[in-house]
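Worksheet for the structure shown next.
The values are calculated or read from the model by the stated rules, or taken from the named source; none is laboratory data. Given the structure is predicted, the values throughout are model-derived calculations rather than measurements. So basically every Cβ, Gly included, is an ideal-geometry build from the backbone, and we count neighbours across all protein chains shown. Each accessible area value is taken on the protein alone, full model and side chains, heavy atoms only, with ligands, DNA and RNA left out. Shrake-Rupley method; radii C 1.70, N 1.55, O 1.52, S 1.80 Å.
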Amino acid sequence: MTQQTATAAFSAGASQSSALQRFVWNFTDTLIVMRRNLYAYQRQPELLVFATIQPVIFLLLFTYVFGGAISFSTGGDYIGFLLPGIIIQTILFASANTTVGLSVDLSKGIIDRFRSLPMSRAAVLAGRTSADTLRGAFTVLIMIVAGTAIGFRFEDLGSGLIGLLLAVAFGYAVTWISATIGLFVKDPEAAQVAGFIWLFPLTFASSIFVPTQTMTADWLRAFAENQPVSVVANTVRDLMTGTVNPDEIVISLLWIAGIVAIFLPMAVWRYARVASR
Amino acid sequence: MSNNHAIIAEDVYKHFGEIKALDGVSIQGEAGKVLGLLGPNGAGKTTLVRILTTLLKPDSGTIRVGGLNVLRQKRHVREIIGLAGQYAAVDEVLTGRENLVMVGRLYHLSRGDAMRRADELLRQFALSDAGDRLVKTYSGGMRRRLDLAASIVARPRILFLDEPTTGLDARARIAMWDTIRTLVSGGTTLLLTTQYLEEADELADKIVVIDHGKVIAEGTSDELKANLASDFIDITLHDPDHTAKAAEALATISVDAPQADKARGHVVIDVENGAQSIAEVVRALDSQDIHIDTLNMRRPSLNDVFLSITGEEIVEEEIKPQRRGFGRRRSA
């Protein structure tokens with residue numbers, strides 16, 4: 001009785017948002033959180049500068065230090081081989097920010113604030129992954145400029161752009177893996193390590209830096225040829241060098257969709273629990 | 001009983017492994033009134049607030065806030081509540097104004113409304129000058145004010161403040177009390193947790209005392225203090241060997257039996273009027289040739305309330321003032 005009266009007295013004023021409205025809010029909330037994360041990057045320009053310089057250094061080192069040795073197996077044009085690969089590597093490493101960023105947010109009270117608001121729950125995560133994807137895309141742009149400076153040329157601009165879009169889309173998918181990891185680690189220090197460590201085998205045991213057929217161990221070659229980083233790197237490489245292979249593109253898109261389909265719900269599931277300790 | 005309860009928790013349990021954070025807690029907060037949740041560190045206050053504000057799921061129990069079922073209508077509950085936690089939940093990488101606008105937008109106010117509301121709140125909380133500075137340059141008191149401002153962006157009907165003054169110095173604390181008083185004068189229902197009896201006394205219409213996850217007393221501040229004399233006098237003797245003798249000499253002055261700590265030569269008595277009784281204390285001890293090292297008169301503390309209810313003191317380490325810190329898990 002007591003409760004019913006109270007319900008009547010109180011729920012009259014509560015705004016009962018419609019399902020459609022809530023659906024739209026998923027996106028607007030995401031944009032708001034994304035902008036907040038982008039502000040953070042904008043205000044730590046040194047972070048952005050170093051995050052950009054690092055892959056450029058990689059590009060220069062690999063081109064000039066290893067380029068001579070490796071170009072035997074790539075048929076001469078190492079920059080054409082390397083730049084698409086290094087773009088994928090850059091995008092993978094940029095996703096480690098998602099792990100660290102989320103973990104930092106969790107270590108502060110701000111996540112409690114978000115969770116006490118009538119906002120979309122997925123928006124906190126989606127705002128993070130999309131901000132980090134944009135940041136990754138910005139770095140890719142810098143790589144193209146640096147690559148062009150040392151001799152890279154698109155064979156075909158249209159397919160080249162599609163290749164870059166595919167690379168960024170892959171980066172977006174990977175940020176959801178990183179987000180999931182960020183929600184499982186204990187603190188930002190652990191996130192620093194956990195955010196990167198799984199990326200090394202995926203990056204180096206792939207076709208990013210060297211052709212996979214040069215790998216001597218059969219098991220390693222089998223892994224390197226079929227894992228998603230190689231699949232996507234090969235597709236992006238083909239597109240950037242003017243080869244359009246629809247089968248390859250479809251398989252890459254399936255990997256991207258598959259990763260999002262598994263890790264997005266897992267991250268959201270984990271978020272609901274991790275924050276409610 | 002009143003039908004007008006904005007906050008109802010019935011028989012709430014929450015255990016974290018061995019730790020019984022909440023062990024069957026029931027509270028009721030009347031609409032438009034301030035309910036003070038008083039207890040030492042680790043009593044379960046924050047756990048209860050987190051459950052009431054949808055952040056944490058209880059093991060069992062019924063919880064209604066604003067007539068809504070907190071377990072099943074989380075989203076609607078979030079539309080009508082505001083929460084300011086123990087750690088200022090503001091974003092360091094944004095300015096004060098951006099924080100408030102972001103929160104307003106996430107409450108789905110229009111951009112213009114969110115900006116106007118942010119302006120208004122910055123003025124109200126004396127943050128106008130600092131509004132366009134990054135929060136990481138703010139002092140502890142400023143962060144708390146901003147946090148409080150963020151919690152009322154959407155003019156919530158029911159507000160939860162978890163230890164809003166812990167870690168603040170005396171001046172900032174009193175300023176915060178004024179702010180909170182102004183806030184609730186408009187008819188907002190407030191649940192406030194605190195470790196300080198004085199704070200509950202100043203702000204709350206009704207006080208619930210909680211310890212080890214259980215409600216151990218409730219009532220108005222006056223009701224709680226009815227068993228307590230109005231003033232306490234702490235006496236430290238020059239020679240601890242005289243403790244028993246001093247306690248005996250003071251027994252007629254003290255309302256309750258004097259508490260004596262022989263090892264430290266420490267006697268505490270409670271009296272109706274401290275100022276008058278001090279002279280009597282001095283005379284009584286002087287006539288027995290007992291020398292006094294220090295003599296202090298003070299208002300009853302949370303510890304005194306605890307003593308009168310449970311006969312036990314709060315464990316010393318639990319009432320140490322908390323470090324000033326904003327990282328929730330930094331030290332864990």
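Things to note:
- Take the Cα radius of gyration of the stretch B:98-240 and divide it by 2.2 N^0.38 Å, N being the number of residues; the result is 1.30.
- For A:MET266, the accessible area of its heavy atoms, probed at 1.4 Å with every protein chain present, is near 70 square angstrom.
- Binned Cα-Cα distance frequencies in the stretch B:99-163 - 5 Å width, integer %: 4, 19, 30, 25, 17, 6, 0
- Förster radius 25 Å - calculated FRET efficiency between B:TYR13 and A:ARG273, Cβ distance, rounded to 0.05: 0.85
- Taking B:ILE269, B:ILE158, B:ILE207 in turn, the Gaussian network model of chain B (Cα-Cα springs below 10 Å) assigns the largest fluctuation to B:ILE269.
- Helical runs assigned H by DSSP (4 residues or longer) give chain B a calculated mean residue ellipticity at 222 nm of -10000 deg cm²/dmol, each run adding -39500 (n - 2.57) before division by the residue total.
- Top of B:PRO258, B:PRO156, B:PRO164 by mean-square fluctuation, Gaussian network on chain B, Cα under 10 Å: B:PRO258
- Over 27 Å between alpha carbons, listed pairs A:LYS108/B:LYS74; B:LYS74/B:LYS136; A:LYS186/B:LYS214: B:LYS74/B:LYS136; A:LYS186/B:LYS214
- Gain upon complete extension [A:ILE57, A:ASN245; 0.36 nm per residue less C-alpha separation]: 64.6 nm
- Exposed-loop-free span, longest in chain B, where GluC sites (Glu not before Pro) count as exposed if DSSP calls them loop and at most 14 other C-beta atoms lie within 10 Å: B:19-271
- Derived from the Cα gyration tensor, the three semi-axes of the equivalent ellipsoid of chain B are 42, 23, 18 Å, largest first.
- The stretch A:123-277 pair-distance distribution - Cα-Cα, 5 Å bins, rounded %: 2, 9, 14, 19, 20, 16, 11, 6, 3, 1, 0
- Fraction of antiparallel bridges per DSSP, the protein assembly as shown only, in percent to nearest 5: 65 percent
- Residue-span extension gain [B:THR220 to B:ALA126] - 0.36 nm each, minus C-alpha spacing: 30.7 nm
- Cα→Cβ-extended label distance, 7 Å offset, between B:ARG133 and B:MET115, nm: 2.4 nm
- At the listed q of 0.11, 0.15 Å⁻¹, the Debye profile of the stretch B:16-173, built from one uniform point per Cα, gives log10 I(q)/I(0) equal to -0.48, -0.87.
- For the stretch B:191-303, with +1 on Lys and Arg beta carbons and -1 on Asp and Glu, the positive-most of B:ALA257, B:PRO300, B:ILE233 along the dipole: B:ALA257
- The charge dipole of the protein assembly as shown, taken about its Cα centre with unit charges on the Cβ of Lys, Arg, Asp and Glu (plus for the first two, minus for the last two), comes to roughly 2380 debye.
- Think of it as helices only: each DSSP H run of n ≥ 4 in chain A is worth -39500 (n - 2.57), and spread over all residues that comes to -26000 deg cm²/dmol at 222 nm.
- In the protein assembly as shown, the alpha-carbon atoms span a convex hull of 198 Å³ per residue.
- Isotropically averaged projected area of the stretch A:103-182, using the convex hull of Cα atoms (one quarter of hull area), nm²: 6.7 nm²
- Each of A:VAL65, A:VAL24 has its accessible area taken with a 1.4 Å probe; listed largest first, they run A:VAL65, A:VAL24.
- Distribution of pairwise C-alpha distances over chain A, 10 Å bins, in %: 7, 26, 31, 20, 9, 4, 2, 1, 0
- When the Cα gyration tensor is reduced to axis lengths a ≥ b ≥ c, the ratio a/c is 1.5 or higher for the stretch B:190-306, and with a/b above b/c it is classed as prolate.
- Charge dipole of chain B (Cα centre as origin; +1 on each Lys and Arg Cβ, -1 on each Asp and Glu Cβ, all else neutral): 2520 debye, rounded to the nearest 20.
- Among the trypsin sites (Lys or Arg not before Pro) found in the stretch B:73-161, those both in a DSSP coil and sparsely packed, with 14 or fewer other Cβ atoms within 10 Å of their Cβ, are B:ARG133.
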